[in-house]
Protein chains: 2
Amino acid sequence: MNKSDTVSIKSTEIAGKKSLHVIKIGGNVIDNSENLYHFLKDFETLDGYKILVHGGGKVATQIAGDLGIEAKLVDGRRITDIETLKVVTMVYGGLINKNIVAQLQRFGNNAIGLTGADGNFIKAKKRPVKTIDYGFVGDIDENSINPGNISKLMEAGFTPVFCAITHDGEGQLLNTNADTIASALAVNLASLYDTTLIYCFEKKGVLQDIDDEDSLIREINPEHYEELKKERIIHSGMLPKLDNAFTAIACGVKAVIIGKSDDLGNIKNNKPFGTRLSKTT
Amino acid sequence: MNKSDTVSIKSTEIAGKKSLHVIKIGGNVIDNSENLYHFLKDFETLDGYKILVHGGGKVATQIAGDLGIEAKLVDGRRITDIETLKVVTMVYGGLINKNIVAQLQRFGNNAIGLTGADGNFIKAKKRPVKTIDYGFVGDIDENSINPGNISKLMEAGFTPVFCAITHDGEGQLLNTNADTIASALAVNLASLYDTTLIYCFEKKGVLQDIDDEDSLIREINPEHYEELKKERIIHSGMLPKLDNAFTAIACGVKAVIIGKSDDLGNIKNNKPFGTRLSKTT
């Protein structure tokens, strides 16, 4: 082995794994065509591997209404009956997913739109009936994601765009929370890629004062998170989001960023974006 | 080079290209869950690479009706207005496509459901308005298909399942005839694979007597086709189908088979299946 061989091996070791961004968008991006356009344009410019995960939005509710299918709630929890499953399969898997793919292709990104059934990428289990029958809702566990299969697709040059539909491996499609899918993808791909998970939501990130967008907290590590909880700066709705984020980080995800879709371009421009959660700040 | 090397190289040369079946199914398979189940089970057992192409079926008409969208016809030709495009994107690209994929996964086939927008696999041009404005209908030309991209997906271990939706590369989804998509895929992949194109339809194949399923013509070559046309054994609706089939064969497709989906399993069992059109019989 000569000197240059040693250097090249060292540099590979330092360079480590390739970078991957898993980005989740929800109704506030999907329902606004201008927001969606700008987000997808910025998404396209991100370096490295990337995966987009999207949920539903108002259009699903609207089409369900037009078809005379009423939202079913039991004890305030949404139920996915067979008719609702049909609507979400059509709207998430067809209308929203394929329009996002067509836009990304327009911007030069080789996107491919998916449910968890495609490529057997995400297998879920129909939620067991205890006190409530949630219908065709799929829960993800540690064996749900097939990282090798997803990696093969990305290595072949395609950008996966997942909607919030999974399958049970027995021919049944299931409705699965998009946040959960994004987190599970990031955790399962963290062994293969240097993975950052990004949740786009309606605020600029985690705020000291919920009414003041200028009070953005730039970085939070686990110790800082415990303090913020004690001081009740973070409470109610943000708690499960951040708990899940720190679980993903404990499972190998490098960082979780919570931010506004408008600001995604900041990553490319080396400007701060949202609230960055990681082991160390 | 020793003797065994020579033998192995020769055998590769003799074996030539890998085999590919491009199979198109329509409403008579899609609308009948039992037919669809048996077809997909037989599809899974086919050796070599395979691509499934499907059209719509009654469910699209039914959902359009439920949404209050009436079929628009001008001079007897169907028009795809923006509302109809939404319905076909939902029903073909979501409901039908993803349920087929979930079934194929159940049978152990690593299917992945696609429109032409996904992976930029099939680009079409919105049909120009001459006397009739067909709306969002996409026409395919010789540059529409990206065989290298499709090949990458298949070589990565996935089975493409295409619905009858394409895109214009500028962000617009388009409605394209499924027969045309199947034929264009077969023609464009014929340089890479030993390609057979199969159209499943409601009859056992091309019949001498349309009312007698036992009068199946097993094989037709171009000369025989000319005779059958002269004798008016083949006429009206079958003419464009067979003309297109012989065009595909002239463009490199090894054979086109027209048959009933129930009989697809015959291929695996080395039994005759449908009417086989090829250069030589």
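Quick notes on this one:
- Residue-level analysis places B:D179 outside the set of residues that are acidic (D, E), within 14 Å of chain A (Cβ to nearest Cβ) and buried (at least 18 other Cβ atoms within 10 Å of the Cβ).
- Condition met for B:E219 (within 22 Å of B:N28 (Cα to Cα), touching a residue at least 40 places away in the same chain (Cβ under 8 Å) and surrounded by fewer than 19 Cβ atoms within 10 Å (Cβ to Cβ)): no
- Options B:G68, B:G76: the member that is more than 19 Å from the chain's Cα centre (by Cα) and either at the interface with chain A (Cβ under 10 Å from one of its Cβ atoms) or at pLDDT 95 or above (or both): B:G68
- Verdict on A:K130 being away from chain B (no Cβ under 13 Å) and either under 26 Å from B:T166 (Cβ atoms) or in a helix (DSSP H, G or I) (or both): no
- Residue pairs whose Cβ atoms lie under 7 Å apart, separated by 6 or more positions or on different chains, with the first residue in region A:178-197 and without any contact (Cβ under 8 Å) to a residue 60 or more places away in the chain and the second surrounded by fewer than 21 Cβ atoms within 10 Å (Cβ to Cβ) and in a helix (DSSP H, G or I), are A:N188/A:P147.
- For region B:94-124, residues that are within 14 Å of A:K86 (Cβ to Cβ) and within 8 Å of another protein chain (Cβ to nearest Cβ) total 6.
- Residue in region A:143-150 that is at the interface with chain B (Cβ under 9 Å from one of its Cβ atoms) and without any contact (Cβ under 8 Å) to a residue 40 or more places away in the chain present: yes
- Residue in region B:139-154 that is aliphatic (A, V, I, L, M), within 16 Å of B:S183 (Cβ to Cβ), buried (at least 18 other Cβ atoms within 10 Å of the Cβ) and out of contact with any Phe, Trp or Tyr (no Cβ under 9 Å at 6 or more places or on another chain) present: yes
- Answer residue from region A:235-255, given it is at pLDDT 95 or above and part of a loop (DSSP other than H, G, I, E, B) and is nearest to A:T280 (Cα to Cα) among those: A:K254
- The condition of being out of contact with any His (no Cβ under 9 Å at 6 or more places or on another chain) and in contact (Cβ under 8 Å) with a residue 12 or more places away in the chain holds for only one of B:G237, B:G171, B:G265, B:G259, that being B:G259.
- Candidate set from region A:79-93 (those that are β-branched (V, I, T) and at the interface with chain B (Cβ under 7 Å from one of its Cβ atoms)); member that is surrounded by the most Cβ atoms within 10 Å (Cβ to Cβ): A:T89
- In region B:150-163, the residues that are under 18 Å from the mean Cα position of the chain (by Cα) and not aliphatic (A, V, I, L, M): B:S151, B:F158, B:T159, B:P160, B:F162, B:C163
The values are calculated or read from the model by the stated rules, or taken from the named source; none is laboratory data. It should be emphasised that the depicted structure is a prediction, and the values quoted were computed from it without experimental measurement. Backbone-built Cβ (ideal geometry, glycine too); neighbour counts: all protein chains shown.
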